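Novice: First the structure, then my questions, so here it is.
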Amino acid sequence: MLKNTIYRLLERRHFWRYASFSEVAELYASRTLRFVGINLASGFASVYLYRSGYSLRFIIIFWICYFSFKALFSIPAALIAARIGPKHGILISNILYIPAMIALGLVPNYGMTTIVLWALFMSSSATIYSICYLIDFSKIKSIEHAGKEIGFMNILEKLAVGISPVIGGLVALWFGPQAVMMTGALAFSLAALPLFKTVEQTHVRQKITLLGFPYRLVYRSLISQIGIGVDTVATGYIWGLFIALVVFPNITDAIYLTLGTLSSVTILAAIVISYAYGKLIDRQKGGDLLRISVIINALVHASRPFAVDASSIVATNIANEVATTGIQMSYMRGLFDSADLSGHRIAYISMIDAICSLGSVLGCVVVLICISLMGQDSGLRAFFFAAAFLVLITGTAHFRIYRR
């Protein structure tokens, strides 16, 4: 049903593309369902570990190990994409996330064993998916209207991101957090279904080589991924912990619904700006959008330590949505163009993913240093000031498409 709805929306507008509408709809439907599965529990994972008895220091060290392994796994993930094709890689990725969610739900019962299994399955799934998705979408996009297509994909993502945390919060409140993990596993099972009969748009059994790789063309976009990695940690992991431990310290199961609701109220703003940003990018304004969004994002991080109640958290989340959506969409359009020009699509995208993970490692290390020197509350606040500076690295990206 979801795939058919997307198919009809695309068919009326995009008659010029190389891939069939059915293939694009498969990718959109699968990504939407995957985001539902991830966001049912992803915003709660660190809080869930904390409530299970693990210290904040342990949680940060866990994420350092997670992102370090993810960076290393980018090499085998790229080989998988080259060998079997990105769509089949996405299928494997969705399947791998099912045991990850199950393992997370069993953490209170089996401790470290399930934490390790969760990390291994989740990191391998996330790495394979991010590389394969970017390879596939960069190949099947419309050249003239890529901004509009990225905007449409972003709207679907935001719908999933907006709805699923509330659903996850309600399930956690009524049935316990373990039930959220099992619901997430079901969503990933559904996300795999659209891809079982899929056809690859890229060649399979490719060999990856760095001979002739155009470093001068892409090195700035590679460096800028450090800032994106730091932003991932600040927004996706530490912000939820800050809300739960500093703003609302009296933690009960209701915190899951609170986190879900606070993150979901930005959905309308996300949908509107995704459409508007897509038009800006197609009008060759993506470079300006990227630079302005990076500055706004830095200011958002600098304002996070001053959030003291629900209204200030919502305002911060809306401002963050405006900034990060601008960065994601403009950056992705530039990345796709560089992938086309490079002649080394898989190698370039795998480097992008690996360096982003290393940026996340850097972000986690900064968090660990801050809380070690200043304690939990002051350390988390200090980290956001550091993140405001580090995310400016994202603005060092220069894409050829924005110089035309």
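The values are calculated or read from the model by the stated rules, or taken from the named source; none is laboratory data. All of these numbers come straight from a predicted model, not from anything done at the bench. In this analysis, Cβ positions are derived from the backbone assuming ideal geometry, glycine residues included, and neighbour counts consider all displayed protein chains.
Novice: Which condition breaks for ILE295 when tested against (1) under 21 Å from the mean Cα position of the chain (by Cα); (2) crowded, with 16+ Cβ neighbours inside 10 Å; (3) aliphatic (A, V, I, L, M)?
Specialist: If we test ILE295 against (1) under 21 Å from the mean Cα position of the chain (by Cα); (2) crowded, with 16+ Cβ neighbours inside 10 Å; (3) aliphatic (A, V, I, L, M), just (2) comes out false.
Novice: Return the residue satisfying two criteria in turn: it lies in the range 298-309 and is buried (at least 17 other Cβ atoms within 10 Å of the Cβ) and of a type in the set (A, V, I, L, M, F, W, C), and of such residues it is farthest from the chain's Cα centre (by Cα).
Specialist: ALA307
Novice: Under 7 Å between Cβ atoms, at least 6 apart or on separate chains: pull out the pairs that start in the range 196-217 with a residue that is over 17 Å from LEU134 (Cβ atoms) and end on any residue that is at pLDDT below 80.
Specialist: VAL199/GLU23
Novice: Starting from the range 92-110, keep only residues that are farther than 15 Å from THR127 by Cα, then list their pairs with residues that are not in a helix (DSSP H, G or I) whose Cβ atoms are within a distance under 6 Å, requiring at least 6 positions of separation or different chains.
Specialist: That search, which allows pairs on different chains as well, returns VAL107/SER52; PRO108/SER52.
Novice: Based on what the data block shows, is CYS356 closer than 18 Å to ARG57 by Cα, in a helix (DSSP H, G or I) and touching a Gly at 6+ places or on another chain (Cβ under 7 Å)?
Specialist: Answer is no for this residue.
Novice: Could you check the range 367-386 and list, in sequence order, the residues that are hydrophobic (A, V, I, L, M, F, W, C) and either surrounded by fewer than 22 Cβ atoms within 10 Å (Cβ to Cβ) or in contact with an Asp or Glu (Cβ under 7 Å, 6 or more places away or on another chain) (or both)?
Specialist: In the first step, residues of the range 367-386 are kept if they are hydrophobic (A, V, I, L, M, F, W, C); the result is 367-371, 373-374, 380, 382-386.
LEU368, ILE369, ILE371, LEU373, MET374, ALA382, PHE385, ALA386 - these are the residues of the range 367-386 that are hydrophobic (A, V, I, L, M, F, W, C) and either surrounded by fewer than 22 Cβ atoms within 10 Å (Cβ to Cβ) or in contact with an Asp or Glu (Cβ under 7 Å, 6 or more places away or on another chain) (or both).
Novice: Restricting attention to the range 307-320, does a residue exist that is part of a helix (DSSP H, G or I), modelled with pLDDT of 95 or more, more than 22 Å from TYR133 (Cα to Cα) and not hydrophobic (A, V, I, L, M, F, W, C)? Even if it seems obvious, please write down each step before you answer.
Specialist: Of the range 307-320, the ones part of a helix (DSSP H, G or I) are 310-320.
Filter again for modelled with pLDDT of 95 or more, leaving none.
No: the range 307-320 contains no residue that is part of a helix (DSSP H, G or I), modelled with pLDDT of 95 or more, more than 22 Å from TYR133 (Cα to Cα) and not hydrophobic (A, V, I, L, M, F, W, C).
Novice: Tell me which of these ASN94 doesn't satisfy, since it passes every other one: (1) in a helix (DSSP H, G or I); (2) modelled with pLDDT of 90 or more.
Specialist: (2) is the only condition that ASN94 fails.
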